[in-house]
Amino acid sequence: MRHVLSLLLENEAGALSRVSGLFSSRGYNIESLTVAPTEDASMSRMTIVTSGSDEVIEQITKQLNKLVDVVKVIDVSEAAHIERELMLVKVRAVGAAREEMKRMADIFRGRIIDVTDASYVIELTGTQEKLDSFLGALDGGLILETVRSGVCGIGRGDRVLKI
Amino acid sequence: MVLTGAEIVVRCLQEEKVEYLFGYPGGSVLFIYDELFKQDKVRHVLVRHEQAAVHAADGYARTTGKVGVALVTSGPGATNAVTGIATAYMDSIPLVIISGQVPTAAIGLDAFQEVDTVGITRPCVKHNFLVRDARDIAATLKKAFLIASTGRPGPVLVDIPKDVTAQRCEFAYPETVNLRSYNPVTRGHSGQIRKAVQLLLEARRPMIYSGGGVVLSNAAEKLTKLARLLNFPCTNTLMGLGGFPASDRQFVGMLGMHGSYEANMGMHYCDVLLAVGARFDDRVIGNTEHFTQEPRKIIHIDIDPSSISKRVRVDVPIVGDVGDVLDDMIAYLEAGSERPDAECLAAWWRQVDEWRSRDSLGYKNSNEIIKPQFVVQKLWEITGGDAFITTDVGQHQMWSAQYYKFDKPRRWVTSGGLGTMGFGLPAAMGVQLAHPGSPVACITGEGSIQMCIQELSTCKQYRLPIKIISLNNRYLGMVRQWQEIFHGNRYSESYMDSLPDFAKLAEAYGHVGLQITKPGDVEGALREAFKRKDDLVFLDFRIDQTENVYPMIQGGKGLNEMILSSEDL
């Protein structure tokens, strides 16, 4: 089962490697991991997409909580939540493809943020599935480069991760 | 008061009332050593290899309950310390290790004696720090001692670059430190405790399984009280020996791969299992699938939530300090008059005693050749069961666990989790320093002792009258045993040729050495050794080369599938 874990951790050198080291040393999966400081500069927020049985996820959560740099851990995917990922795609845009790429970007509510005579950079935000289907809908031969931020997650409504 | 970083380090150790600092100097820690020279509150013990510094601090910590402290230099000093740190981590021993680091400006430039110590030790410490500013030293060391000694204890490493030890800044040792992300639970959940007590009262075939957590939280007396209130059989893990008096009728011996028949059968067939400060390790319950086939309710008390339901799903988890939780359980029991069904218990005890009557630790003694079990039994007799015993790893470790009956906690010092050969002698140094005048024996083998034999020199320098009981069978015995049983008697690299004359080697270091080859001389040699109160005596017992450790559970087998002797193979 896929899970999205959100962590608050001390914004200290080495905190990231404690978390990633835990996953590699105990053989847990990481599908994506993203981290950045929060409004409180002393803390970072990390989102980890992982998968495993209920027992494995329980162990992951317990092991994360054991790390001294980890302030709080929640599984945002266990209730109503929102996930978003940002993707930048550089595509070839010449001839007929130029118009087609613009149309595809519009359909997926992407934005073209860089234009040259031969290429576009398209910015797209959404769930992992939406980004995957956008890539699936493009002619693979025209994709020059893609970069994705990894998933960010947040609970809906009253579910707040804060200390 | 303005002090240098090095002065601050030493002042912090004094504030923490550190008696002994085990270490080895080097370039990056020169300023700290200079400050150590100028004071006499913290006594430095100069080992001969950094691994031994950490093991010695570990032995000190295990037998006193205090934090053990070691000091090593950067690069090879730190990497040599890693085995010791990992040993302490696996057995949850509170240590603070201070390592020197190259100057801040040189970090990352492949400087002389530079390694990423924080990176290398990260997976085998409870926590570690790199201090980049002298103003952070005091608070960091305060945190290090707090983290090492609270919750589930463990080693904490503090890496200090050389320039930081030379910086000057204001010093005040903080009374408290704020760690918002570190709040170990101590009190158990009262609802869960009540549920657990109810389950214990309803048990028909109960078993208490206790581990190192009971020793670490100083809860042996509480466990004993609870066990006696309930009249339940009790088994200890390797790490838990001494947590329940071995001479007590309710004690069924150690369990696990080389545990007693009655302990393992009881563990397998019980209907309610009370696990206290133990972690269902692979050497304890063997095959988890086999273990969980037999239905039983499990109550698990542990301070570390991640130890609960890690290998075996439990029914009543209780996160908390073992001692506090046992107190609460005893209080609930004493407040009520309900007790477990006496008839059921009597029937269960008859079953346990029937298993016990198999005498799974029985062995055939000999008049011709020294049996290792006999040596350990005699050692136990002569020391009145009250010596501090350290071991290395292998057959001798199992024989020590089986035949030295510990009635008190913190007498038994062994590397259980990591299984570190070379642990015994340096650990014994820490133990002897912590308990001057008390008998300390290191039971070892000719393989293990050679992994840290250089420490005979340290023992001489500090006049440590340790008794080294070497069960010398000229084989890496446990490897040989597995090769005999599982690899068709192909003794691949397990025979040791060209061994030194250990008695003479001990003499070369300035100690007393004796070689014993006849069973009739065993007792006399042991008595002679303990009579020499001021000398380290190295007893080289030439034992039966073919002796194996029994009983035994083969890998992948269940607790009820024990081999009691070679005839069962």
| Which members of the range B:150-181 meet the condition of being modelled with pLDDT of 95 or more and within 14 Å of chain A (Cβ to nearest Cβ)? | B:T150, B:G151, B:R152, B:P153, B:G154, B:P155, B:V156, B:L157, B:V158, B:D159, B:P161
| remark: When restricted to A:T38, A:T47, the only residue within 15 Å of A:I154 (Cβ to Cβ) and without any contact (Cβ under 8 Å) to a residue 40 or more places away in the chain is A:T38
| Residue list for the range B:302-323, restricted to those being within 14 Å of chain A (Cβ to nearest Cβ) and in a helix (DSSP H, G or I) | B:P305, B:S306, B:S307
| message | Could you check the range B:161-201 and list, in sequence order, the residues that are surrounded by fewer than 19 Cβ atoms within 10 Å (Cβ to Cβ) and either part of a strand (DSSP E or B) or among the aliphatic types (A, V, I, L, M) (or both)? | response | B:A166, B:R168, B:C169, B:E170, B:A172, B:V177, B:L179, B:V185, B:L201
| query | Looking at (1) under 11 Å from A:H3 (Cα atoms); (2) at the interface with chain B (Cβ under 9 Å from one of its Cβ atoms); (3) among the polar types (S, T, N, Q), which is the one condition that is false for A:Q63? | reply | (1)
| field | Qualifying residues in the range B:487-534 (those that are in contact with a Gly (Cβ under 9 Å, 6 or more places away or on another chain) and either among the small types (G, A, S) or under 20 Å from B:G384 (Cα atoms) (or both)) - the one surrounded by the most Cβ atoms within 10 Å (Cβ to Cβ) | value | B:A506
| Does any residue of the range B:520-531 turn out to be touching a residue at least 60 places away in the same chain (Cβ under 8 Å), within 28 Å of the chain's Cα centre (by Cα) and assigned to a loop (DSSP other than H, G, I, E, B)? | no
| message | Can you tell me which residue is nearest to A:V4 (Cα to Cα) among those in the range A:120-129 that are in contact (Cβ under 8 Å) with a residue 12 or more places away in the chain and surrounded by fewer than 18 Cβ atoms within 10 Å (Cβ to Cβ)? | response | A:T127
| said: Of the residues A:I74, A:I122, only one is assigned to a strand (DSSP E or B) and more than 30 Å from B:V177 (Cβ to Cβ); which? | reply: A:I122
| field | Count - residues of the range A:1-31 that are more than 21 Å from B:V131 (Cβ to Cβ) and either out of contact with any helix residue (DSSP H, G or I) (no Cβ under 8 Å at 6 or more places or on another chain) or within 14 Å of chain B (Cβ to nearest Cβ) (or both) | value | 12
| query | Do you know which of the residues in the range B:1-33 that are part of a loop (DSSP other than H, G, I, E, B) and surrounded by fewer than 22 Cβ atoms within 10 Å (Cβ to Cβ) is farthest from the chain's Cα centre (by Cα)? | reply | B:M1
| said: I'd like to know if the range B:52-63 contains one or more residues that are touching a Gly at 6+ places or on another chain (Cβ under 7 Å), modelled with pLDDT of 95 or more and among the aromatic types (F, W, Y). | reply: yes
| task | Select, from A:I107, A:I57, A:I122, the only residue that is away from every other protein chain (no Cβ under 14 Å) and either of a type in the set (S, T, N, Q) or under 21 Å from the mean Cα position of the chain (by Cα) (or both). | result | A:I122
| message | Every residue in the range A:32-51 that is within 11 Å of another protein chain (Cβ to nearest Cβ) and surrounded by 14 or more Cβ atoms within 10 Å (Cβ to Cβ), please. | response | A:M43
| Sole exception among (1) among the aromatic types (F, W, Y); (2) free of Cβ contacts under 8 Å to residues at least 60 places away in the same chain; (3) crowded, with 24+ Cβ neighbours inside 10 Å for B:Y60, by number | (2)
| said: Please verify whether B:E484 is out of contact with any Cys (no Cβ under 8 Å at 6 or more places or on another chain), crowded, with 22+ Cβ neighbours inside 10 Å and part of a helix (DSSP H, G or I), treating the condition exactly as stated. | reply: no
| field | Subset of the range B:114-135 (residues that are touching a residue at least 12 places away in the same chain (Cβ under 8 Å), within 12 Å of chain A (Cβ to nearest Cβ) and in a helix (DSSP H, G or I)) | value | B:T117, B:V118, B:I120, B:T121, B:C124
| message | For a quick check of your reading of the model, give me the residue pairs whose first member lies in the range A:136-163 and is touching a residue at least 12 places away in the same chain (Cβ under 8 Å), whose second is among the basic types (K, R), with beta-carbon atoms closer than 7 Å and at least 6 apart or on different chains. | response | A:L142/A:R92; A:L144/A:K90; A:L144/A:R92; A:E145/A:K90; A:C152/A:R84; A:L161/A:K72; A:I163/A:K72; A:I163/B:R180
| B:A139 versus (1) surrounded by fewer than 19 Cβ atoms within 10 Å (Cβ to Cβ); (2) at pLDDT 95 or above; (3) within 14 Å of chain A (Cβ to nearest Cβ); (4) within 30 Å of B:G417 (Cα to Cα): which is the lone unmet condition? | (4)
| request: Tell me, please, whether a residue that is closer than 27 Å to B:K126 by Cβ and in contact (Cβ under 8 Å) with a residue 12 or more places away in the chain can be found in the range A:74-86. | output: yes
| query | Of these, B:L326, B:L229, B:L333, which one is surrounded by 20 or more Cβ atoms within 10 Å (Cβ to Cβ) and away from chain A (no Cβ under 14 Å)? | reply | B:L326
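The values are calculated or read from the model by the stated rules, or taken from the named source; none is laboratory data. These figures come from a predicted structure and were not determined experimentally. Positions of Cβ are generated from backbone atoms using ideal geometry, with glycine treated the same way; all protein chains shown enter the neighbour counts.
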